[in-house]
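First comes the structure, then the notes that go with it.
Please treat every number below as a calculation from the coordinates, not as lab data. Bear in mind the structure is a predicted one, so any value in this text is a computation, not a measurement. Here the Cβ positions follow ideal geometry from the backbone for every residue, glycine too, while neighbour counts run over all protein chains shown.
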Amino acid sequence: MDPELTGARLLAGTIVDPAGVIRAKQVPIARAAAFEEHGMGASPSWNVFCIDNAVAFTPRFGVVGDLRLRVDLATARSLGDGLAWAPAEMVTQDGEPTAVCTRTLLGRRVSALAADGFTARAGGEVEFVLTEGDGTPRHTPKWNPYGLSAVLDAEAFLTDLAGTAEAVGLPVEQVHAEYGDGQFELSLSPTDPVTAADNVVLARILIGRVARRHGLAASFSPLPFAGGSGNGAHLHLSLAWQGRPLLSGGDGPHGLTHDGGAMIGGLVAGLPEVTGVLAGSVLSAQRLRPGQWAGAFACWGLENREAAVRLCAATPGAAHGASLEVKCGDPSANPYLAVAVLLGLAHDGLTREAALPPEITADPATVAGALRLPVSQASALRALEESALARRLLGEEILEALLAVRRHELDSYGERDLATITELFRFAWS
Ligand SMILES: NC(=O)CC[C@H](N)C(=O)O
């Protein structure tokens, strides 16, 4: 038995589905080796489960057929109290990779970058709103953003979370109180892209687990309460070519290299086409608005918190120097897909030597001609469906599943009032 699994009794192997929901199969720990060797069965319809538990069947994803969820025990770890966790991949019954597995897709993107000499690093920011266990707002009379009072109010939860993260090896860089009542953000250290997405999943599991232990609940909805603050899922990205950072040490603006400019050019040009991947849920457009630090404009700028792409100066010890914070995504996105499409856009910019777009040095809402990302779920999905680039980056299978589940949300709930849908889906991604 792997020493990491000592004391564990049940092993959960997780995937994230195209709707952004973490799904799992569990085995008693004695069957961990079988979970790795043969995997556990899962219907192809796992890819078209919707946030309201409907199934958006498509020609490819129906009731017939079987896939296997397979874990890599080298990544498994005990979470304490008898539960262990490992990220899973979806393979065929013969153990071959599948085009619908989002973790596999991300691994392939990392390999494609490596084949051109690039290494990537990524790190997620995880925002959530803490509620009472029954989902009602917490009584937090003294809430203020970055306020210590908010931290003291949730101190037992936060210290328990920090201890659990440390014990489990989740690299937390910092935690702070955010703008919304009950809202916190936890930022994760940069690492290789697949581990970065795994870490986002693990962070959500730990946050949910510690919250339950304290009689609370954590919402990862893009908009937990109508009129409240949205939850973002910002991602920090950096690339190096043959060990040399793209975003630092160059002779372009702010030390960007020529390739760093092309990376930004690829991202800024492509974001409108992949907003349906990064922020495509029925609640996402309600968060992705100006004035929310949500990155609602397709532009970039040094430390510009309203731009979808914020160039962040290097912090001491950062392996790749400066990084890009892509702000427009939210927690309804599958983190493997989110990282994969962003690296895909960066790679596309590098391949076609995209020009660095003009920098936006003010709030883009005040800049004439600044381009908003799609302002509705319908327009985000239309742009995604029409994008040849998105089709190439995601593949037909994932695109079909993603559009099916999001169109179900749009058709079933797109006309409903915000108070109703925020309540209905407050814990859909928890
Ligand atoms: N401090 C912040 O960056 C806030 C982010 C914001 N909550 C979002 O939805 O993206």
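With an 8 Å cut-off on Cα pairs and a minimum separation of 6 or more residues, tell me the relative contact order of the range 107-424 in percent. Before the final figure, lay out the partial values.
Numbers: 648 pairs, mean separation 61.2, N = 318.
The normalised contact order for the range 107-424 reaches 19 percent.
Based only on other Cβ atoms within 10 Å, what is the fewest-to-most ordering of 328, 312, 299?
312, 299, 328
Ranked highest first by average number of other Cβ atoms within 10 Å, how do 414-425, 111-122 line up?
Order by mean packing, descending: 111-122, 414-425.
Tell me, how many Å apart are the Cα centres for the range 68-130 and for the range 135-195?
24 Å
Using a/c under 1.5 as the rounded threshold, could you call the chain rounded, prolate or oblate? The axes a ≥ b ≥ c are square roots of the C-alpha gyration tensor eigenvalues, and prolate needs a/b larger than b/c, oblate otherwise.
Values: a/c = 1.27, a/b = 1.15, b/c = 1.11.
Judged from the Cα gyration tensor, the chain comes out rounded (a/c under 1.5).
In debye to the nearest 20, how big a dipole does the chain give about its Cα centre with +1 on each Lys and Arg Cβ and -1 on each Asp and Glu Cβ? Don't jump to the answer; show the numbers that get you there.
Details: 33 positive and 48 negative charges, 55 e Å.
It works out to roughly 260 debye.
Tally the DSSP beta bridges in the chain and give the antiparallel ones as a percent, rounded to 5.
85 percent
Semi-axes of the equivalent ellipsoid of the range 342-430: what are they in whole Å, largest first, if each equals the square root of 5 times a C-alpha gyration tensor eigenvalue?
29, 22, 12
Can you tell me the mean projection area, over all orientations, of the convex hull of the range 129-286's alpha carbons? Units nm², please.
The Cα convex hull of the range 129-286, projected and averaged over all directions, gives 11.3 nm².
Quick one: Karplus J couplings for the range 152-158, per residue in order, coefficients 6.51, -1.76, 1.60, θ = phi - 60°, nearest Hz, x for Gly and Pro?
Karplus values, whole Hz, x for Gly and Pro: 5, 4, 10, 4, 4, 5, 5.
What is the sum of charges around residue 414, taking Lys and Arg as +1, Asp and Glu as -1, for the other residues whose C-beta is under 15 Å from the C-beta of residue 414? Spell out each step's value before the answer.
Working: positive: 382, 406, 407, 416; negative: 52, 409, 411, 415, 417.
Taking every other residue near residue 414 into account, the sum is -1.
Fewest first, what order do 363, 411, 134 take by the number of other Cβ atoms within 10 Å?
134, 411, 363
Peptides 34-45, 332-343: what's the order by average Cβ count within 10 Å, highest mean first?
332-343, 34-45
Mind ordering 278-287, 51-60 by average Cβ neighbours within 10 Å, highest first? Intermediate results must be reported in sequence, preceding the final value.
Values: 278-287: 27.2, 51-60: 15.3.
Packing proxy ranking, top to bottom: 278-287, 51-60.
Which value at 222 nm does the chain reach when only helices count, each DSSP H run of 4 or more adding -39,500 (n - 2.57), with the total divided by all residues and rounded to the nearest 500 deg cm²/dmol?
On the way: 12 runs with 145 residues, N = 430.
Helix-only estimate at 222 nm: -10500 deg cm²/dmol.
Amide H neighbours of residue 232 under 5 Å, at least 5 residues apart or on other chains, H built in the peptide plane: list them.
Residues meeting the amide H criterion: 127.
Give me a comma-separated list of calculated 3J(HN,Hα) values for the range 220-233, in order, Karplus coefficients 6.51, -1.76, 1.60 applied at θ = phi - 60°, integers in Hz, x for any Gly or Pro.
3J(HN,Hα) across the range 220-233, in whole Hz: 10, 5, x, 9, x, 10, 4, x, x, 7, x, 9, x, 9.
For the range 12-66 and the range 280-302, what is the centre-to-centre distance using only Cα atoms, to the nearest Å?
Using only Cα atoms to place each centre, the spacing works out to 31 Å.
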